[in-house]
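**Q** Before we start, here is the structure in question, set down as structure tokens.
Please treat every number below as a calculation from the coordinates, not as lab data. All values derive from a computational prediction rather than experimental measurement. Note: ideal-geometry Cβ built from the backbone for every residue, glycine included; neighbour counts use all protein chains shown.
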Amino acid sequence: MADKYEIAESAATMLAVVTVGNGGLDKLVYRAVPQPVPGAGEVLLRVLAAGVNNTEINTRLGWYSASVAGGTNETANADNTQPEGRADGGWNEATPFPFIQGTDCCGRVVTVGEGGAGSLAGKRVLVRACMRPKGFSSMQNIWMGSDFDGAFAQYVKVPESEVFAVDCDWSDAELATLPCAYGTAENMLHRAGLGAGEHALVAGASGGVGSALVQLAKRRGARVSAIAAAAKADQVRAIGVDRVVDRSADIVTALGEDSVDCVIDNVAGPGFGAMLRVLKRGGRYASSGAIAGPLVGLDMRVFYLKDLTLIGCTAWDEPVFANLISYVERGEIRPLLAKTFPLDRIAEAQTEFLEKKHVGNFVLIPPRSE
């Protein structure tokens, strides 16, 4: 395979993590590559910080393939990925290996492409990672760091329309916790229409998306019950949860049938059926992932007899990201930064990430450019 990152003589270079194929941590190669050049309608960002998410690990593993039945950790530990790549292992089409992952980006605008807004130069920005190339009337979506080169590098180029300046006192690393986790969480709540006074159940409440969901649901005035490991119960309560249900408990016994207005879930797996049972008649279940396993048991009688609505959430709706920026600037949410790592220690970061001992998000810090 030709090396699309071959460095031409006299070309500007940067350091990046190149994911070279489906497989283990050895597929993450830290190396020099050409620095991207923004075209018309694009901007070049110096990456200040880049978040770590399940999606980068899932993409590397080829977890999105229909041939994979287990959860993220099970797939990572099985070491059964196919070196030649899974044709259906990416979000939309075959993953474009080799490429640079990194869905979350806090950066600073260094170059504006032809025809762009010069006022953006020098601004600290966040990138809306989920992009709708055909407009918000179409569900077609592409993701930075999954469908094209992302932020695990010193520089990244992105469409100018997907860059949002942010004015706040959060650190670069704190801002890098926001796009994927909080964007996904806010999109789920937006789609589900969670309102003040409703009872929401959040699964996986200590993770990046789960902890964001807790804050954003409380911001909407909802009452929040959350599923988390006993060792993390106090930390989860500290971010606003009204009631913690131990991950090993029977949630139907703990909460009661027909007790929850809305389940917001990115875990799935064997607990899926019980989450439908705790929903009230007319309740809503919104999902953005399945880290505990994508294949679930669905009792259709529970689904239709209770008039439930199941909502799949990947493409972010138009108001979502701009709303998030406003919440940050008004001080209505706070960052949950668990730990930072230098970019060249990405393998260590992803290994620790999968241990799930943390609350919040991990962030990678690229080296400063010379």
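**Q** For the chain, with the dipole built from +1 on Lys and Arg beta-carbon atoms and -1 on Asp and Glu ones, taken about the Cα centre, which of Gly41, Tyr5, Gly204 lies farthest toward the positive end?
**A** Sorting the options by dipole projection puts first Gly204.
**Q** Work out the charge dipole of the chain with +1 on the Cβ of Lys and Arg and -1 on the Cβ of Asp and Glu about the Cα centre, then indicate which of Ala349, Ala173, Val244 is farthest towards its positive end.
**A** Val244
**Q** Still on this model: Taking the Cα centre of the chain as origin and charging only Cβ (+1 Lys, Arg; -1 Asp, Glu), how large is the dipole, in debye to the nearest 20?
**A** On the way: 35 positive and 42 negative charges, 179 e Å.
Roughly 860 debye, rounded to the nearest 20.
**Q** Order these by the 10 Å Cβ neighbour count, fewest first: Ser146, Ser287, Ser369.
**A** Arranged by neighbour count, lowest to highest, Ser146, Ser287, Ser369 become Ser369, Ser287, Ser146.
**Q** Which residue, chosen from Ala69, Ser137, Ala274, occupies the Cα position most advanced towards the positive end of the dipole of the chain, where the dipole is computed from +1 (Lys, Arg) and -1 (Asp, Glu) charges on Cβ about the Cα centre?
**A** Value: Ala274.
**Q** Please check: in the Gaussian network model of the chain (C-alpha springs, under 10 Å), which one of Cys105, Cys130, Cys168 has the largest mean-square fluctuation.
**A** Judging by the Gaussian network model, the answer is Cys168.
**Q** Out of every Cα-Cα pair in the stretch 96-214, what percent are more than 16 Å apart?
**A** Cα-Cα pairs in the stretch 96-214 separated by more than 16 Å: 67 percent.
**Q** What 222 nm value per residue comes from the helices of the chain, counting each DSSP H run with n ≥ 4 as -39,500 (n - 2.57) and dividing by all residues, nearest 500 deg cm²/dmol?
**A** Helix-only estimate at 222 nm: -6500 deg cm²/dmol.
**Q** Still on this structure, please answer the following. Past the 38 angstrom mark, what percentage of all C-alpha to C-alpha distances in the chain do you count?
**A** Beyond 38 Å sits 15 percent of the P(r) for the chain.
**Q** With angles folded into 0 to 90 degrees, how steeply does helix 208-219 sit against the dominant principal axis of the chain? Use alpha carbons for both and round to 10.
**A** Computed tilt is about 60 degrees.
**Q** Explain nothing, just the number: relative contact order of the chain, from Cα pairs under 8 Å at least 6 residues apart, as a whole percent.
**A** Details: 868 pairs, mean separation 68.0, N = 370.
For the chain, the relative contact order is 18 percent.
**Q** Something else about it: Return one number: the angle in degrees, 0 to 90 and rounded to the nearest 10, between the long axis of the Cα atoms of helix 179-192 and the longest principal axis of the Cα atoms of the chain.
**A** 40 degrees
**Q** Here's a follow-up. In Å and from the alpha-carbon atoms only, list the Rg and Dmax of the stretch 1-55.
**A** Rg, Dmax (Cα atoms, Å): 13.4, 37.
**Q** Sort out for me the Cα centre separation of the stretch 280-358 from the stretch 234-262, rounded to whole Å.
**A** Computed from Cα coordinates, the inter-centre distance equals 16 Å.
**Q** Can I ask one more? Cut-off 10 angstrom, C-alpha nodes, Gaussian network model of the chain. Which of Val209, Val163, Val110 fluctuates the most?
**A** Val110
**Q** Sum up the lysine pairs in the chain that clear both bars: alpha-carbon distance under 20 Å and a spacing of 8 or more or different chains.
**A** 12
**Q** Could you tell me how many cubic angstrom of Cα convex hull volume the stretch 181-312 has per residue?
**A** Hull volume normalised by residue count: 89 Å³.
**Q** Quick one: angle between helix 319-329 and the longest Cα principal axis of the chain, in degrees between 0 and 90, rounded to 10, please.
**A** Taking Cα atoms only, the helix is inclined about 80 degrees.
**Q** About its Cα centre, how strong a charge dipole does the stretch 181-312 have in debye, to the nearest 20, once Lys and Arg get +1 and Asp and Glu get -1 at the Cβ?
**A** Value, rounded to 20: 220 debye.
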